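One structure is given below, encoded as structure tokens.
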2 protein chains.
Amino acid sequence: MTTTAHAVQPERGFSTAEFEQRLANAQALMKQQGFDLLLLTTEAEIRYFSGFLTLFWQSPTRPWFLLLPAHGNPVAVIPGIGEEIMRKTWISDIRTWSSPQPEDEGVSLLTETIRELLQRNSKNAKIGLTKGAESTIRMPLEDLERLQALLSNCQWQNCTPIIRQLRMVKSAAEIAKLRHICTITSTTFAQAKQLFHIGQPLDEAFRAFKIAMLQNGADDVPYLVGGADQGGYGDVISPPQPTPLAAGDVLMLDTGAVFDGYYCDFDRNFAFEHASDAAKRAYITLHKATDAGFAAIKPGNTCAQVFQAMQAVIEEAGGGSGGVGRMGHGLGMQLTEWPSNMLSDQTVIEENMVLTLEPSMSITEGKIMVHEENLVVHADSAEYLSQRAPSELPIL
Amino acid sequence: MTTTAHAVQPERGFSTAEFEQRLANAQALMKQQGFDLLLLTTEAEIRYFSGFLTLFWQSPTRPWFLLLPAHGNPVAVIPGIGEEIMRKTWISDIRTWSSPQPEDEGVSLLTETIRELLQRNSKNAKIGLTKGAESTIRMPLEDLERLQALLSNCQWQNCTPIIRQLRMVKSAAEIAKLRHICTITSTTFAQAKQLFHIGQPLDEAFRAFKIAMLQNGADDVPYLVGGADQGGYGDVISPPQPTPLAAGDVLMLDTGAVFDGYYCDFDRNFAFEHASDAAKRAYITLHKATDAGFAAIKPGNTCAQVFQAMQAVIEEAGGGSGGVGRMGHGLGMQLTEWPSNMLSDQTVIEENMVLTLEPSMSITEGKIMVHEENLVVHADSAEYLSQRAPSELPIL
């Protein structure tokens, strides 16, 4: 079996220089904000600073920790089962405990390591935790409380803003991976006529698409949702039912696939044999809204402005809200990342951000349509990473 | 395209009666332990009590909440984007907010709903959070702290033991789903000769296996790890490299695939053309260790006893530790669940638990082998859900 994606596959992983740069950027922000240490517990954050890439995060049993000191290199405090793979990264200081061990799931070792990194001077030390929006802490809360009690003379503060600022702007190597997975997905959507047909149960259509994605070079398709119904669909996050595709259906697949740990996130709409005028009009409106959003993407503009540009097109066409709550977001190591294209998000767009444009609208009662494209921000414009959808609803 | 799994696919979802039973079981334990309310935030827990099944959890942007009161039905407090799909479940009381809204990401609505469920009598109310082993809280910690400040007259305590006790014992419908995904995976492993060959890059072998899993009826393969090397492999959680498979390699794939939100988790080992005597001996030892573990599985025995039964076989053969930290675990809505087959886990085995047996050992310096089978516990014995691996290392 060979993969058929047209793009040349970028190298996997990142150079040590790139990790050193990420660390230096983090430490500069830590210094500005007075952090002595960051304690990272989540997959994306640990991978961002270490390169530790594994599907083993699927198992909720064991916590994993990466410590970023104010000076010097990160220190990994991890279960023994991960030592060999962590040794393949640029991280050299790796401390392990035998896990599972619920009665002391790394807490003693973590406490001791933090004390050492604070040079036995933990009084009033400011330790960062990812406590803010779109973040979680991936360790049992009882264990975190125990850790904080053991280090009760430290201040524990939110470091999500630092992580957010760093991860929102992508490196050239990150953009290459994002471009590659977008190309694979565009190639697969271009096979729609071979993959989808009237009479095919929707869940089989999804299965065929997922298999084609793998054949075309995706590492995985962790996110594939959508719907199909006469003249539109009812919601956009359901698993597919076995209902057969029918003439007049609008089929939508929204795809979050990964290459080397980086996501695409865009959808495509197709009709079978014919489509309602309302569906055709909604498609054209959303296509124009995407154009308007794209034109508003440049460094210095805000996400709120991008939202307004799209919303103006939809309102002019008399379209109601699709209920999604925003019209696109950041994209990278996670399916969705900061920022959000919405009125309340005043994030200023910067060069090398990777974003989605995702306008949606209601078509008729209970039927909506969603468009989505992925793009990278350049010095004074934007570039689509997804192959731009056709300007009229494709009829298969 | 048709699916080729031999087993008849069980019905998707669960009856309302099953959700009512789960709720009644939870409320009985809540009463025993004095809980007035449970606040659930994680995918498995919310799905367990509501049936809410979506891949949308891949997006970290929005938190989701399910409240279990001491009396009456659960109440969902969720982002508007999920309302339509939540309406398809048995949950009738659904409160939504427009999300994303990081400045108040559901916290006010959640506070108000909790006050209402506590009948405006929150003083000293005991609210459960999944704070214990193998659990996390899936909401920003700052938001949890704000919620706790708004309800500062409540006691916030760990309810993981309740969730653990309920989820460890499976219903007939859950076992049917687990049996089905195990059968699909066994069917796919039986195609090994067609799927794997010398000269094939390891990552292409993984890709071929994953495609066959989908063709055989798996909904998804969120977890596929393993390795291949001369006479054994170095670690068991790495993504595959493009190194070509060679004669004398031992190939292992460890598969966490899902059907309707339920996981299998077992591996298989194969050699190409020939294998070292050490690898063959390790295989036989681990096969016998699995037999010993299986014989020790019956209601009333402990997980520690199952571990000891396996460990005794490995020690008698002079095998060292594989470094995995345990020899199997619970299985269900997550790839790994409580309990653990290890010396310190005194969990008593009960009828209708679904468990893995996962003995591992070192073969030579830096080379290990892992076996794994899945089983369901009956009244006085166990039954394999995975098709038992052959007793000698298969040579392809």
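Coordinate-derived values only; no laboratory data. None of these values were measured; they are calculated from a predicted model. Don't worry about glycine lacking a Cβ; one is built from the backbone with ideal geometry, like all the others, and counts go over all protein chains shown.
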*Return P(r) of the protein assembly as shown (all Cα-Cα pairs; 10 Å bins starting at 0; whole %; ordered from short to long distances).*
3, 13, 23, 27, 22, 10, 2, 0
*Could you work out the mean count of beta carbons from other protein chains within 10 Å of each residue's beta carbon in B:218-226?*
4
*Separation between Cα centres of segment A:312-376 and segment B:82-161, rounded to whole Å*: 27
*asked:* Under 8 Å for C-alpha pairs, at least 6 residues apart: give me the relative contact order for segment A:286-396, rounded to a whole percent.
replied: 30
_Ordered shortest first, which distances in nm separate the 7 Å Cα→C-beta label point of A:Glu83 from those of the other copies?_
5.4
*Taking A:Asp277, B:Asp249 and counting other C-beta atoms within 10 Å, the order from fewest to most*: A:Asp277, B:Asp249
*Cα gyration tensor, segment A:209-317 - rounded (a/c under 1.5), prolate or oblate*: oblate
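With the cut-off at 23 Å, tell me which of the pairs A:Lys88/B:Lys193; B:Lys288/B:Lys367; A:Lys170/A:Lys210; A:Lys210/A:Lys367; A:Lys88/A:Lys177 have Cα atoms farther apart than that.
From the list (A:Lys88/B:Lys193; B:Lys288/B:Lys367; A:Lys170/A:Lys210; A:Lys210/A:Lys367; A:Lys88/A:Lys177), the Cα-Cα distance tops 23 Å for A:Lys88/B:Lys193; A:Lys170/A:Lys210; A:Lys210/A:Lys367.
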_Degrees separating the helix A:303-316 axis from the principal Cα axis of chain A, which is the longest one_ = 20
*asked:* Run the simple label-point estimate for A:Ser92 and A:Ser171 please: 7 Å along Cα→C-beta, distance reported in nm.
replied: 1.8
*asked:* Using C-alpha positions alone, give me the convex hull volume of chain A per residue in cubic angstrom.
replied: 148
*Convert each backbone phi in segment B:101-111 into a coupling constant with the Karplus relation 6.51 cos²θ - 1.76 cosθ + 1.60 (shift: θ = phi - 60°), then list the ³J(HN,Hα) values in order as whole Hz, x for Gly and Pro.*
7, x, 6, 7, 7, x, 5, 5, 5, 5, 4
*Taking only C-alpha pairs under 8 Å that are 6+ residues apart, what is the relative contact order of chain B in percent?*
14
*Which distances, shortest first and in nm, link B:Glu11 to the matching position in the other copies, using label points set 7 Å out along Cα to C-beta?*
5.6
*Would you mind listing the distances between the A:Glu350 label point and the same position in each other copy? Use 7 Å along Cα-to-C-beta, nm, one decimal, shortest first.*
5.2
*On a 0 to 90° scale, report how tilted helix A:277-296 is relative to the longest principal axis of chain A, with both axes built from alpha carbons and the result rounded to the nearest 10.*
40
*Reported to two decimal places, what Rg/Rh ratio describes segment A:169-384 when computed on Cα atoms with Rh from the Kirkwood expression?*
0.96
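So in segment A:16-166, what percent of DSSP beta bridges are antiparallel if you round to the nearest 5?
40
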*Grab the residue from chain A whose Cβ hugs the A-to-B rotation axis most tightly, plus its distance in whole angstrom.*
A:Ile211, 3
*For segment A:16-166: relative contact order, % (alpha-carbon pairs under 8 angstrom, 6 or more apart)*: 25
*For n ≥ 4 DSSP H runs only, could you compute -39500 (n - 2.57) per run for the protein assembly as shown, divide by its residues and tell me the 222 nm figure to the nearest 500?*
-10000 deg cm²/dmol
